[in-house]
Amino acid sequence: MTTLIFFGIPLLIVLALLIFIANQYKRCPSNRIIVVYGKTGGDKTAKCVHGGGTFIIPLIQDYGVLPLEPMTTDIDLKGALSKGNIRVAVPSTFTFGISTDERIMINAAERLLGLSKADIITQASDIILGQLRLAIATLTIEEINQDREKFLEQINANVNTELNKIGLEIINVNIKDITDESGYIDAIGKKAAAEAINKAKVEVAQQEKLGAVGEASANKEKEVQVAEQTAQTLIGKTNAEKEQRVQTANINSTAVIGEAEAAKIREVQVAEQQALTAIGKTEAMKDQRIQTANLEAQAVEGENIAKANIADYNATLAVKQAEALKLGEVAKANAERDVLMAQKEQEEARLKKEELARQEVEKLKIQVEADAEAERQRRIALGEADAIRAKYFAEAEGVKAVLEAKAKGYEELVKISNNRPEIATSFLMIEKIEDIVAKQVDAIKNIKFDKITVWDGGSGSANGSTTANFMRDLIKALPAMHDLAHQAGVELPQILGKVAGEKEIENSVANVNTGVEKPSEMKDNGIE
C-alpha cells in the first residue's frame, strides 16, 4: 500500500501538470483570431494566430479573441459635393470585417481588442463616411452615375486604406441609389430615355424591313429545298430497294454453302472424338491397374514405417519426460533459492532504507540547528551593530548640538559686543583666567620647599641664596596671564595686576625661606 501511494503521488502530479499544460494550449477556430499579449518576443506588442493553435505561457502571457464575422453598417450620405460642384445623396450599405492579413491583424489587435461589436461599427462608420465624401469629390456626376465600377474602385481604394489602419477591410459595397438636389441626374436619365426610345423605334423599323425581306427569301429557299429533298428521297428509295435485293441473294447463297461445310466438319469431328474416346478409355484402365498396385505397396511400406516411428517416438517421449521432470525439480529448487535471496535482499534494503532515513533526519536536524544558530548569531551581530551605530549617532548628535549651542552663544556674544570680535574674545579669555591660574597653582602647590635640596658646588650667588634663585627661576618659568592673553591677541585690563619684577620675586622667596631649616647636607657644605 505504501508503494502504491509512493508511486501514485508523482503520477497525480504529472497528470495535473499535463492537464495544466493542455489547458494552456489554445486552439483557434477558423472564424476567430487569437491575440496573445504580454511577453511575445521582439518588437511586436502582440502575436496574432488565425487557425491552428498556440501555447500561452502562464504569468507571462495572456490572450484575447477577435471575431471574424462580417459587420454591416448603413451609410446615409447626403449633400456630398461632387467634382462638378453638384451635391449628391448616396445611401449605401458597407459590409466589412477584421482582416486576416498578418500586418493588418496586428493593427486590429492594437486598436480593436476588447471593443464591442457596436463600438467597432461606430468607428468604421465614421471612417467610411469621411472617405466616401472624398471619393465622390474626385468624380463627376456622369462618372458616379454611369461608371459604377470606377466609382466602387475609388471607394475601395480610399476607404480600405483607412480601415486597414485599425485592422478592418471592406468585404462588399452596395450603392442603393444616387440622387442630387438639382435634378441633374433625372434630366440625364430623361435624355438618355428619349434617345433610347428614338433609337429603339428606328431599330424596330429596320428590323421589320429586314423581317419581311428575310421572310420572302426564306419561303423561296424553303420551296427549292423541299423539291430537292423530294427528288433525293425517290432516288435514295430506288437505290435502297436494288441494294436490298442483291444483298438478300448473296446472303441466301452464302447460307447454303455454309450449311454444307458445317455438316461436313461436324461429321469428321464426331468420328475423331469417338476414336479418341475409345483410346482414352483403354489407357485409363491400364493406368488404373498400375496405380492401384503401386498404392497398395506404398500403403504396406507406410504402415511399417509408421510403426517404427511410433516406437521411436515413445522412447524419445520417455527420455524427454525424465529430462523434463529433472529440469522441473532443478528449476523449483532454483526458484526457492531465488525467493529466499530476494527476501534477504528486500530485508537488507528495508534496513538500509530505515537507517538512511534516520541518518537523513539527523543530518537535517543538525543542519536546521546550525542554520538557527547562525541566524541567531547574525541577528545578535546585527543588533550590536545597530546599537553601536545608534550610540555613535547619538554622540554625534550631542556633539552637533553642543557645537550648534556654542556657535549660537558666540554669535550672541559678538552681537552684544557691537559686532567687535576682539571684545568677545576678551570676554572668553576672562572666563578662562580662573582655570589658567588654577593650572599654574596646581603646578607648584605640591612642591615641599622644606624638602628641596640644591647643589651648586658651593659657589653660591651674588644675588642671593641658591634656593632663592631656584624659586625665582621657577616662578619665571610659569607663563603669566598677561603673556598668555597677549599671545592670543587679547589685552587684559590692568586691574588684573601684572607680573612682579625680580626684586619682588627675591623678596617673596626670602620671605618663604625665613624660618626654614636648611638640611644637614647644606650645612655641611657651608651653605647659609
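Looking at the structure I just gave you, is Ile171 of a type outside the set (Asp, Glu) and assigned by TED's automatic domain parsing to the domain that holds Gly79? Yes; evaluated as a whole, the condition is true for this residue. Of the residues that make up the range 176-183, is at least one without any contact (Cβ under 8 Å) to a residue 60 or more places away in the chain, outside any helix (DSSP H, G or I) and either more than 60 Å from the chain's Cα centre (by Cα) or over 30 Å from Ile121 (Cα atoms) (or both)? Yes: one or more hits. When residues in the range 110-154 are screened for being over 24 Å from Met71 (Cα atoms) and out of contact with any helix residue (DSSP H, G or I) (no Cβ under 8 Å at 6 or more places or on another chain), 4 of them pass. Ala80 falls short of the stated requirement of being closer than 21 Å to Leu112 by Cα, touching a residue at least 24 places away in the same chain (Cβ under 8 Å) and of a type in the set (Gly, Ala, Ser). Inspection of the range 16-34 finds a residue satisfying the criterion of being assigned to a helix (DSSP H, G or I) and over 22 Å from the mean Cα position of the chain (by Cα). Taking the conditions exactly as written (at pLDDT below 80, surrounded by fewer than 13 Cβ atoms within 10 Å (Cβ to Cβ), β-branched (Val, Ile, Thr) and in a helix (DSSP H, G or I)), does Ile13 satisfy them or not? So Ile13 fails the test. Within the range 134-144, the set of residues being buried (at least 16 other Cβ atoms within 10 Å of the Cβ) and either closer than 17 Å to Asp76 by Cα or among the aliphatic types (A, V, I, L, M) (or both) comprises Ala135, Ile136, Leu139, Ile141, Ile144.
Screening the range 48-128 for strands (runs of 3 or more DSSP E) wholly inside it with 2 or more residues that are surrounded by 13 or more Cβ atoms within 10 Å (Cβ to Cβ), modelled with pLDDT of 90 or more and among the polar types (S, T, N, Q) returns the ranges 71-81, 87-98.
For Pro58, the test of being in contact with a helix residue (DSSP H, G or I) (Cβ under 7 Å, 6 or more places away or on another chain) and either more than 20 Å from Lys165 (Cβ to Cβ) or among the small types (Gly, Ala, Ser) (or both) is passed.
Here the range 35-47 is the region considered, the condition is being touching a residue at least 12 places away in the same chain (Cβ under 8 Å) and part of a loop (DSSP other than H, G, I, E, B), and the residue that is surrounded by the fewest Cβ atoms within 10 Å (Cβ to Cβ) is Lys39. Checked against the criterion of being surrounded by 10 or more Cβ atoms within 10 Å (Cβ to Cβ) and modelled with pLDDT under 85, the candidates Ile388, Ile380, Ile366, Ile444 yield just one match: Ile444.
The values are calculated or read from the model by the stated rules, or taken from the named source; none is laboratory data. In this text, all values refer to a predicted model and were calculated from it rather than measured experimentally. Virtual Cβ from ideal backbone geometry, glycine too; neighbours counted across all protein chains shown.
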